[in-house]
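What follows is a set of notes on a single structure, which appears directly below.
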Amino acid sequence: MAQMNFDASGVEPAAPMELLPPGKYVAQIVQSEMQPTKQGDGQMLWLELDILDGPHRGRKLWDRLNLVNRSQQTVEIAQRQLSAICHAIGQIQVSDSEQLHFKPVLVTLAVEADSRDKHLPVEQQRKQNRIKGYTPTKGASAPALAVPQQQAAQPARPTAPAARPAAAPATASPPWRRSA
């Protein structure tokens, strides 16, 4: 038992958390840590993410990447997910999970049956959100690895002026493309 002095009349009751609809959400990792697996014979990278925009801004998502496991297939799946995160945020070499924090990423979210309820009939299974993938946000820069390949594939073009005049609107076409 815990002694407390709490008056609920001044605090709005918490609403139950509803599932987020399947789709793509801009989010960022805000916390991470290595944790032991349930069986205690492996380790997983636990991730907490915040949704950054849209009607679900501020909602939390969680993911677990089983990086140390007896099953090589499980480890490979986790490594591919971690690689997707690294590529999406442009952080290819990672020595500490904090290097993944506070960088926007596009998360693909699904709704699935809770794994603890797989033995129950479908109508009795609880549902949960599950992160299915990570990709760069539209404005994200590509990893440094990809830049030289992209530049090499582009045909030579006339060089642009060093700087655009401050008064020119951002949507104005360059001088060499304007008709006289």
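The values are calculated or read from the model by the stated rules, or taken from the named source; none is laboratory data. Keep in mind the model is a prediction, meaning the values are calculated, not measured. No Cβ is skipped: glycine too gets one built from the backbone with ideal geometry, and neighbour counts run over all protein chains shown.
Looking at this structure, is A113 at pLDDT below 50, in contact with a Leu (Cβ under 9 Å, 6 or more places away or on another chain) and surrounded by 12 or more Cβ atoms within 10 Å (Cβ to Cβ)? For A113, the condition - at pLDDT below 50, in contact with a Leu (Cβ under 9 Å, 6 or more places away or on another chain) and surrounded by 12 or more Cβ atoms within 10 Å (Cβ to Cβ) - is not met. Test P13 against the criterion of being within 20 Å of the chain's Cα centre (by Cα) and part of a loop (DSSP other than H, G, I, E, B), and give yes or no. Answer is no for this residue. Note on the range 57-66: residues that are surrounded by fewer than 17 Cβ atoms within 10 Å (Cβ to Cβ) and either among the small types (G, A, S) or more than 14 Å from the chain's Cα centre (by Cα) (or both) amount to 1.
Close contacts from the range 123-152, counting a first residue that is over 11 Å from V107 (Cβ atoms) and of a type in the set (S, T, Y) and a second that is modelled with pLDDT under 90 and not in a helix (DSSP H, G or I), with Cβ to Cβ under 9 Å and a gap of 6+ residues or different chains, come to none at all.
Those residues that are surrounded by fewer than 12 Cβ atoms within 10 Å (Cβ to Cβ) and closer than 23 Å to N129 by Cβ, I need them from the range 36-52; list them, please. Quick ask: steps written out before the conclusion?
Within the range 36-52, the subset surrounded by fewer than 12 Cβ atoms within 10 Å (Cβ to Cβ) is 36, 38-41.
Across the range 36-52, the qualifying residue is only K38.
For the range 19-63, the tally of residues that are among the basic types (K, R), free of Cβ contacts under 8 Å to residues at least 24 places away in the same chain and outside any loop (DSSP other than H, G, I, E, B) stands at 1.
The condition (being exposed (fewer than 15 other Cβ atoms within 10 Å of the Cβ), modelled with pLDDT of 95 or more and under 19 Å from E48 (Cα atoms)) is satisfied by just one residue among E98, E76: E98.
Could you please let me know if A2 is surrounded by fewer than 17 Cβ atoms within 10 Å (Cβ to Cβ), out of contact with any Asp or Glu (no Cβ under 7 Å at 6 or more places or on another chain), part of a strand (DSSP E or B) and not β-branched (V, I, T)? In short, no.
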